[in-house]
Amino acid sequence: MKKIHSAALIVSLIAALGSPIGAMAQANGQAVAIKAAEPADLSDGEVKKIDKDAGKITLKHGDIKNLDMPGMTMVFGVKDKSLLDTVKAGDKVKFKATSESGKLFVTEIHGGK
């Protein structure tokens, strides 16, 4: 039983570290392929407007796959207003959006200033 726990720990560690091409581990004497974790669902966008007081950002974006949403221009809320300090109108960005109780929020944003 101890050998199985050790193999499971090794498999978990390799999966957590990940690599773009995957990794191999050994469990119960058999080679097991481990797929690297997929990066977060980031979408491409362009900042059109920022309203820091209201905690909102207007983005012209491409498809948002994790929300099954086609490209368009729309307003998103942000829960953490400090995200808005990292961008300005006109910046090309990559961002992650989520839907909570029917409201859309940007939870990650990369690029900008």
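The values are calculated or read from the model by the stated rules, or taken from the named source; none is laboratory data. Keep in mind that what you see is a predicted model, and the values were worked out from it rather than measured. Quick reminder, even Gly has a Cβ in these numbers, built from the backbone with ideal geometry, and neighbours come from all protein chains shown.
List of remarks:
- Subset of segment 62-74 that is touching a residue at least 12 places away in the same chain (Cβ under 8 Å), not hydrophobic (A, V, I, L, M, F, W, C) and not in a helix (DSSP H, G or I) - its residue that is nearest to Asp41 (Cα to Cα): Asp63
- Segment 75-110, subset part of a strand (DSSP E or B) and among the small types (Gly, Ala, Ser), residue surrounded by the fewest Cβ atoms within 10 Å (Cβ to Cβ): Ser99
- Single condition Leu59 does not satisfy, out of (1) at pLDDT 95 or above; (2) assigned to a loop (DSSP other than H, G, I, E, B): (2)
- Residues in segment 69-88 that are hydrophobic (A, V, I, L, M, F, W, C) and touching a Lys or Arg at 6+ places or on another chain (Cβ under 6 Å): Val75, Leu84.
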